[in-house]
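Please read the structure below before turning to the comments.
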C-alpha cells in the first residue's frame, strides 16, 4: 500500500534496536482518517472471505481493528494481556514472547467470543518476530474457528515472523513490508 | 441514552464486588455498529465545542474513542499504562489507583501528542471511583490543553468518581448512569 510506505517515510522515526517509531499516526496518536484508508485496503484484500469476526490484541491493534470492522460489518474481539477480575474463567490462553517489552506474557480471550462458527481475520499494527501473531493464531485454532488470515499495518520483513507464519499456511497481507532499515534514516521496502 | 440502558439490561451481567460485565458488546467483544450510535450521542453532547483531540486510556477505551473520533474528525491519543521501549522519554505522567486490578500504576502520554493548542474530549468505557478519569484530567492540565469534558459509556453513579470530578468543574456526560445494582440482577438507572 503506497500510502503506508509514504507515511512511514514521512513520519516514522528509526531508533536503535530496530525500533520503528510510528506513534505519531499509528500506535499512540491515531490518525483515524488514515485508518479508514487502511480499512479500505484490508477490505480489498480480504473482503471476499466472509469474515464475521476480527481478532486483535491490546492495545495498539484495537483502533485499527475497530475501523476495519466497520468495513467488514462485524464485531472485534481483543485478546487481553493480563488477567483481571473482569474476565471470565473460561478463556483460551497462549504464551507470547515480547520483543518490545523484553519479557513473555499470556494472552487470552473468553471462549464465549471466539467459537467454531467464526471466520476470523486477525488485525495488528506490527509483525516482526511473529510472537504476538503466533499467539493469536493459536487462540483461533484452540477455538476451532476458521482463520481467514492476518492483516498487518507494518511488517519488518527482515525479521523472521512473516516467513515463519506464511510457511505454516497463514495468509498474511501487510500494508507495508520493510526490507531494510537503519538508524541514519534509510528505509527500503520489499 | 436509552439504547445504552437497554443494552446493559439485555446483555450486562452483575458479578460480586459491584462488577458489571459488559464484555459481550463493550470491552472485550466490541459491537462496532453500537459504538457508532454512541459516537452520534457523544457528538450531540459535545459537537459544538470544537474538539480537536480525543484522549483515552488503554485498552478498553480505545475502540470507543476511535469510532467517536470519526464523528469529531480528529485524532485519538491514548494514555499508556506501562513504559515500553517505544515511548518517548518526554512524557506527562499521572498515577492511577485501579479498582479492577487492585493496584496502582502510572499512566503517561507523550508531550508531542498533547499540547496547549488542544481542545480535548476524554472518552472512556467506565466511570466508577474516578481514578482513571482523574489521571487523564491531570494529563490534560499538565499539557496546558483545554479540557472540553469527558464522555463516558457507563457511570456507576453509586460510586464517588462522577460527583467528585463534576464538583471540580469537569463536564461529564455518561450514556448510562447506574443508580443501584445488585447480584440478583436488579439495575436501576438515574
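The values are calculated or read from the model by the stated rules, or taken from the named source; none is laboratory data. Everything numeric in this text was worked out from a predicted model, so none of it was measured. Cβ coordinates were reconstructed from backbone atoms using ideal geometry, including for glycine residues, and neighbour counts include every protein chain displayed.
Taken over region B:135-151, the criterion of being in a strand (DSSP E or B) and under 10 Å from the mean Cα position of the chain (by Cα) is satisfied by B:150, B:151. Suppose the filter is facing chain A (nearest Cβ under 10 Å), over 26 Å from residue A:91 (Cα atoms) and surrounded by 19 or more Cβ atoms within 10 Å (Cβ to Cβ); does residue B:54 pass it? Here the answer is yes, as residue B:54 does meet what is asked.
For region A:114-134, the tally of residues that are in a helix (DSSP H, G or I), surrounded by 23 or more Cβ atoms within 10 Å (Cβ to Cβ) and more than 14 Å from chain B (Cβ to nearest Cβ) stands at 1. Restricting A:127, A:121, A:147 to residues that are modelled with pLDDT of 95 or more, in contact with a helix residue (DSSP H, G or I) (Cβ under 6 Å, 6 or more places away or on another chain) and under 21 Å from residue B:82 (Cα atoms) narrows the list to A:127. Would you confirm whether or not region A:74-84 contains a residue that is without any contact (Cβ under 8 Å) to a residue 12 or more places away in the chain, under 28 Å from residue B:98 (Cβ atoms) and more than 8 Å from chain B (Cβ to nearest Cβ)? Scanning region A:74-84 turns up no residue that is without any contact (Cβ under 8 Å) to a residue 12 or more places away in the chain, under 28 Å from residue B:98 (Cβ atoms) and more than 8 Å from chain B (Cβ to nearest Cβ). For region A:120-138, state whether one or more residues are farther than 25 Å from residue B:11 by Cβ and out of contact with any strand residue (DSSP E or B) (no Cβ under 9 Å at 6 or more places or on another chain). Yes, there is a match, as at least one residue in region A:120-138 is farther than 25 Å from residue B:11 by Cβ and out of contact with any strand residue (DSSP E or B) (no Cβ under 9 Å at 6 or more places or on another chain).
Just one residue in the set B:178, B:154 is more than 30 Å from residue A:125 (Cβ to Cβ), modelled with pLDDT of 95 or more and not in a loop (DSSP other than H, G, I, E, B); that residue is B:178. If you check residue B:113 against the conditions, is it touching a helix residue (DSSP H, G or I) at 6+ places or on another chain (Cβ under 7 Å), touching a residue at least 12 places away in the same chain (Cβ under 8 Å) and farther than 30 Å from residue B:17 by Cα? When the stated conditions are applied, residue B:113 does not pass them.
Across region B:14-49, the number of residues qualifying as surrounded by fewer than 20 Cβ atoms within 10 Å (Cβ to Cβ), at the interface with another protein chain (Cβ under 8 Å from one of its Cβ atoms) and more than 27 Å from residue B:180 (Cβ to Cβ) comes to 2.
Condition first: in contact with a helix residue (DSSP H, G or I) (Cβ under 7 Å, 6 or more places away or on another chain), modelled with pLDDT under 95 and farther than 16 Å from residue B:136 by Cβ. Can you find one or more residues in region B:91-99 that meet it? No - not one qualifying residue is present in region B:91-99.
The test for being surrounded by 14 or more Cβ atoms within 10 Å (Cβ to Cβ), under 17 Å from the mean Cα position of the chain (by Cα), in contact (Cβ under 8 Å) with a residue 12 or more places away in the chain and within 11 Å of chain B (Cβ to nearest Cβ) does not hold for residue A:91. Among what's in region A:157-173 and is outside any loop (DSSP other than H, G, I, E, B) and in contact with a helix residue (DSSP H, G or I) (Cβ under 7 Å, 6 or more places away or on another chain), pick the residue that is farthest from residue A:9 (Cα to Cα). My answer is A:165.
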